[in-house]
Amino acid sequence: MDTKGRGKSRKASQSPQQAVQSPLATQEGKSQPLPRAKSQQEDHQSSSTIQTATILKASSNPIRSNNFMKNNVHITLQGKGGVGKSFVSALLVQYLRSKGVPVTAIDTDPVNATLAGYKSFGTQRLELMEGGTVVERNFDKLIEQIVEEDTSFVIDNGASSFIPLSYYIAENDAFSIIAEHKKQVIIHTVITGGQAIRDTLKGLKTIIEQLPGEAKLVVWLNEFFGDIEIEGKTFEELQIYTNNKERISGIIRIARQTGSTFGEDVKLMLDRKLTFDEVNQSPDFKLMSKSRLTKVKNAIFEQLAVVL
């Protein structure tokens with residue numbers, strides 16, 4: 001890995017190609033209209049939220065640390081913006097808390113601090129920008145907090161700080177330091193269908209090549225933008241997976257939703273930055289909406305139970 005300019009400030013930059021926004025994206029920009037509702041045949045062929053058969057036991061190696069989930073450090077990483085990183089981080093916070101695990105949520109995104117918008121999380125902001133540049137040394141504060149506090153962490157990292165954080169981790173052997181303090185690092189990265197699929201696969205390749213093997217890796221397949229396949233091959237059939245499946249501890253699928261029902265419910269929940277529990281207490285969500293969102297939660301939480 002090129003290490004020129006170590007320790008120096010780097011310009012924050014956005015990905016040259018921004019993904020089309022959606023209810024299942026991280027709300028980095030305005031949401032676009034929902035996709036058309038699928039036909040019955042398409043619904044039958046594609047993934048369904050209701051179906052929990054998307055739990056990929058064969059490709060999951062459950063992550064276990066000395067104190068189970070308590071000492072895990074979850075970092076959401078992907079060089080492509082607008083693919084659902086903050087949504088994944090929000091799901092992780094909610095899942096861990098549902099298991100009684102104390103969680104500290106941290107948002108390091110210098111541009112779109114979506115996770116910090118969830119009031120119930122008490123998310124902490126890690127300021128990385130100084131004079132329009134990302135200062136890698138500011139990550140020191142994050143590592144020190146991780147090793148000092150007796151809690152689990154969920155860290156939402158923005159696309160603009162993806163490269164600086166990758167440099168910092170490699171240059172400072174950060175994961176080994178965390179491991180010495182009896183904590184397990186778990187990297188969560190998002191692969192999405194549609195136009196951004198190749199960019200997100202490139203992000204996964206960068207993570208595999210540049211980040212140390214001590215970190216566990218969980219891949220989230222966000223189907224909202226379309227089927228995750230290239231030339232008829234699913235993710236599990238692609239070379240990047242078959243060549244690196246020993247590095248991947250688990251796969252979690254965010255199933256594509258029908259736009260006018262499930263999709264609209266998720267969009268409203270994300271726009272208002274509400275948790276599933278807050279939705280159940282909100283008069284703005286009626287009986288059927290609450291029922292659909294509960295199915296979304298259960299489908300994902302059941303997969304997390306297998307992976308984590």
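Points worth noting:
- Screening the range 222-234 for residues that are under 17 Å from the mean Cα position of the chain (by Cα) and outside any strand (DSSP E or B) and picking the one that is surrounded by the fewest Cβ atoms within 10 Å (Cβ to Cβ) gives Glu223.
Residue-by-condition table, conditions (1) modelled with pLDDT of 95 or more; (2) in contact with a helix residue (DSSP H, G or I) (Cβ under 9 Å, 6 or more places away or on another chain); (3) surrounded by 24 or more Cβ atoms within 10 Å (Cβ to Cβ); (4) not in a loop (DSSP other than H, G, I, E, B):
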position	(1), (2), (3), (4)
Tyr167	no, yes, no, yes
Ala179	no, no, no, yes
His188	yes, yes, yes, yes
Ala196	no, yes, yes, yes
Thr200	yes, no, yes, yes
Gly203	no, yes, no, yes
Ile208	no, yes, no, yes
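- Only a single item in (1) among the hydrophobic types (A, V, I, L, M, F, W, C); (2) part of a strand (DSSP E or B); (3) in contact with a Lys or Arg (Cβ under 7 Å, 6 or more places away or on another chain); (4) free of Cβ contacts under 8 Å to residues at least 60 places away in the same chain is not met by Val219, and it is number (3).
- Glu246 being assigned to a loop (DSSP other than H, G, I, E, B), under 30 Å from Ser176 (Cβ atoms) and not aliphatic (A, V, I, L, M): yes
- All positions within the range 246-271 that are within 15 Å of Leu217 (Cβ to Cβ) and out of contact with any Asp or Glu (no Cβ under 8 Å at 6 or more places or on another chain): Glu246, Arg247, Ile248, Ser249, Gly250, Ile252
For every residue, the table says whether it meets (1) small (Gly, Ala, Ser); (2) surrounded by 22 or more Cβ atoms within 10 Å (Cβ to Cβ); (3) closer than 27 Å to Lys297 by Cα; (4) in contact (Cβ under 8 Å) with a residue 24 or more places away in the chain.
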residue	(1), (2), (3), (4)
Thr104	no, no, yes, yes
Glu148	no, no, no, no
Gly193	yes, no, yes, yes
Glu214	no, no, no, yes
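- For the range 77-94, filtering for residues that are of a type in the set (S, T, N, Q) and either at pLDDT 95 or above or surrounded by fewer than 24 Cβ atoms within 10 Å (Cβ to Cβ) (or both) leaves 2.
- Unique match (being modelled with pLDDT of 95 or more, among the aromatic types (Phe, Trp, Tyr) and surrounded by 19 or more Cβ atoms within 10 Å (Cβ to Cβ)) among Phe276, Phe262: Phe276
- Picking from residues in the range 240-259 that are touching a Lys or Arg at 6+ places or on another chain (Cβ under 9 Å) and of a type in the set (S, T, N, Q), the one that is surrounded by the fewest Cβ atoms within 10 Å (Cβ to Cβ) is Asn244.
- Check on Gln281, among the polar types (S, T, N, Q), farther than 30 Å from Ser166 by Cβ, surrounded by fewer than 15 Cβ atoms within 10 Å (Cβ to Cβ) and free of Cβ contacts under 8 Å to residues at least 40 places away in the same chain: yes
- Test: residue in the range 262-273 that is part of a helix (DSSP H, G or I) and either over 29 Å from Arg97 (Cα atoms) or in contact with a Leu (Cβ under 6 Å, 6 or more places away or on another chain) (or both): yes
- Which numbered condition Arg97 fails, given (1) more than 20 Å from Val190 (Cα to Cα); (2) at pLDDT below 95; (3) charged (D, E, K, R): (2)
- Subset of the range 117-154 [farther than 19 Å from His181 by Cβ, modelled with pLDDT of 95 or more and of a type in the set (A, V, I, L, M, F, W, C)]: Phe121
The values are calculated or read from the model by the stated rules, or taken from the named source; none is laboratory data. Just so it is clear, the model here is predicted, and its values are computed rather than measured. Backbone-built Cβ (ideal geometry, glycine too); neighbour counts: all protein chains shown.
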